[in-house]
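Reviewing the structure listed below.
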Amino acid sequence: MNHTILGKGAWGEAMGLALQERGHDVKWLDKGEHKIPSSTNILWIALPTQAVRECFEKSEGLPSEVPVVSLSKGIEISTGKRVSEIVAHFCPKSKIAAVSGPSLAGEILKKVPTALVAASSDDELARVVQQALHGPSLRVYRSRDLIGVEWGGALKNVYALAAGMCAGLGLGENSLAGLTTRSLREMTRVAVHFGAEEETVQGLSGVGDLILTSYSRSSRNRRVGERLGVGDSLTQALASVDGVCEGVPTTEALHKILLAQKIDAPIAQQLFQVLQGKKSPKEGLLALLDRGSKSETE
């Protein structure tokens, strides 16, 4: 099969090489390249979420019915849409899938055993994507819950920022474990509100990716949060990592959604205040600790 990947960052390169190892032909379109080959059988998106719409607007030869697979993990600030919803606007006849899960691009390149999930409301496409990637070091499961997989991938970046701030403040393992557990509860509530299945959020694209992104110092979101915790400005923290930190724009997009939908998500809301410079990381944490007691299931 012929695969075209929009974007050749670390994640897009790693997945493209995995496809090549399975015997597929892969072409990457990097910055400034907009002509999609007519031979494309599957189009992959490995772009920062905020760049997806502009890329599709500039694309030439966009196939009307070719399946599209998203590797991007975020929510669009201007519309609050998931990547599959953005794609559907430009490719209304295309079947759409997403691949997500706990995965550092560098470890995939080193063939470290990794588990992912390929999700699509079209089971046939989910199977095609699963078979295209599945191999000795890359175990791929499938799901019909595209909404849940996309929300999990987007939200875990938000809460990994909070985890990094907790670590940067030097609060210890107890605090980090408690915050991560409550983050999972909060992201589950938000995702389910928008149509995700709770079981999906408890799987690879939800709790799995949350654990990796919150605890690994190779995670950009964790590292940016940590720099904020030690006192860096947001500009300084972002400059300390290579590539895009998806959690920052996704937190802004999520804040707008939470206000509009009147959803209670205190961790995300305090994080937004910190990113906006309205509170310090310590003040945001204290605001969470000062909240009234409640049932664990709330």
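Structural remarks
- Solvent-accessible surface ranking, highest first, for 186, 226 at 1.4 angstrom: 226, 186
- Taking amide H positions as modeled 1.01 Å from N, with prolines and chain starts lacking one, the residues under 5 Å from residue 143 and 5 or more places away or on another chain are 118, 119, 120.
- A crude spin-label estimate for the pair residue 27 and residue 239, with each label 7 Å from Cα along the Cβ direction, gives 3.9 nm.
- Here is the tail figure for the chain: Cα pairs spaced more than 30 Å apart come to 28 percent of all pairs.
- Listed residues 197, 252, 65, most fluctuating in the chain (Gaussian network, C-alpha, under 10 Å): 65
- Counted charge near residue 165, where neighbours are those whose Cβ lies closer than 13 Å (Asp, Glu -1; Lys, Arg +1): +2
- Rel. contact order, % - alpha carbon contacts under 8 angstrom, at least six apart, the chain: 16 percent
- In the chain, the DSSP beta bridges split such that about 10 percent are antiparallel, to the nearest 5.
- Residue-wise HN-Hα coupling along segment 226-238, computed from phi with Karplus coefficients 6.51, -1.76, 1.60 (Hz; x: Gly, Pro): 5, 5, 5, x, 8, x, 5, 6, 4, 4, 5, 5, 5
- Taking each DSSP H run with n ≥ 4 as -39500 (n - 2.57) and averaging over every residue of the chain yields -15000 deg cm²/dmol at 222 nm.
- Cα-based Kirkwood hydrodynamic radius, segment 108-184, one decimal, Å: 14.6 Å
- Within the accessible area of the chain (1.4 Å probe), percent carbon and sulfur: 50 percent
- Spatial offset of segment 159-176 relative to segment 217-265 amounts to 13 Å, using the alpha carbon center of each.
- Nearest 10 degrees, 0 to 90: helix 172-193 Cα axis against the chain principal axis: 60 degrees
- For residue 198 and residue 282, a Förster radius of 30 Å and the Cβ-Cβ distance give a FRET efficiency of 0.35, rounded to the nearest 0.05.
- Scattering from segment 185-298 was approximated by placing one identical point on each alpha carbon and applying the Debye formula without solvent; log10 I(q)/I(0) at 0.15, 0.16, 0.17 1/Å stands at -0.75, -0.86, -0.97.
- Computed from backbone phi with θ = phi - 60° and the Karplus coefficients 6.51, -1.76 and 1.60, the 3J(HN,Hα) list for segment 271-285 is 4, 4, 4, 5, 5, 7, x, 8, 9, 7, x, 5, 5, x, 5 Hz; x is used for glycine and proline.
- Here's the list of aspartates and glutamates a cross-link from residue 282 could span, going by alpha-carbon distance under 14 Å and ignoring same-chain residues fewer than 8 apart: 226, 232, 290.
- Point-charge dipole on Cβ atoms (K/R +1, D/E -1) for the chain, about Cα centre, debye to 20: 340 debye
- For segment 145-298, with +1 on Lys and Arg beta carbons and -1 on Asp and Glu, the positive-most of 212, 168, 251 along the dipole: 168
- Selection from 66, 49, 130, by position along the positive dipole direction of segment 43-142 (Cβ): 130
- The listed residues 28, 44, once ranked by accessible area (1.4 Å probe) with the largest placed first, stand as 28, 44.
- Fluctuation leader among 132, 239, 115 - the chain, Gaussian network, Cα springs under 10 angstrom: 239
- Solvent exposure, largest accessible area first (probe 1.4 Å, DNA, RNA and ligands not counted), of 110, 156, 279: 110, 279, 156
- Toward the positive end of the charge dipole of the chain, with +1 on the Cβ of Lys and Arg and -1 on the Cβ of Asp and Glu, the farthest Cα among 234, 119, 101 is that of 234.
- Using alpha-carbon coordinates, inclination of helix 10-21 to the longest axis of the chain, degrees: 40 degrees
- Global geometry of segment 39-172, whether rounded, prolate or oblate, following the gyration tensor of its Cα atoms and the 1.5 cut on a/c: oblate
- Cross-link pairs 93/256; 73/156; 8/31; 81/156; 8/35; 256/278 - those with Cα-Cα distance over 18 Å: 93/256
- Computed from backbone phi with θ = phi - 60° and the Karplus coefficients 6.51, -1.76 and 1.60, the 3J(HN,Hα) list for segment 201-211 is 5, 7, x, 4, 7, x, 4, x, 6, 4, 4 Hz; x is used for glycine and proline.
- Solvent-accessible area of residue 56, all protein chains in place: 10 Å² (probe radius 1.4 Å, heavy atoms, ligands and nucleic acids excluded).
- Shape of segment 8-57, Cα gyration tensor, a/c cut at 1.5: oblate
- Local electrostatic count, residue 113, Cβ distance below 13 Å [Lys/Arg +1, Asp/Glu -1]: +2
- In degrees, nearest ten, helix 146-168 long axis to first principal axis of the chain (Cα): 40 degrees
The values are calculated or read from the model by the stated rules, or taken from the named source; none is laboratory data. Just so we're clear, the structure is a prediction, and the values are computed from it rather than from any experiment. Positions of Cβ are backbone-derived with ideal geometry, glycine not excepted, and every protein chain shown enters the neighbour counts. Remember, those area values only see protein heavy atoms, side chains included, never the ligands or the DNA or RNA. Shrake-Rupley method; radii C 1.70, N 1.55, O 1.52, S 1.80 Å.
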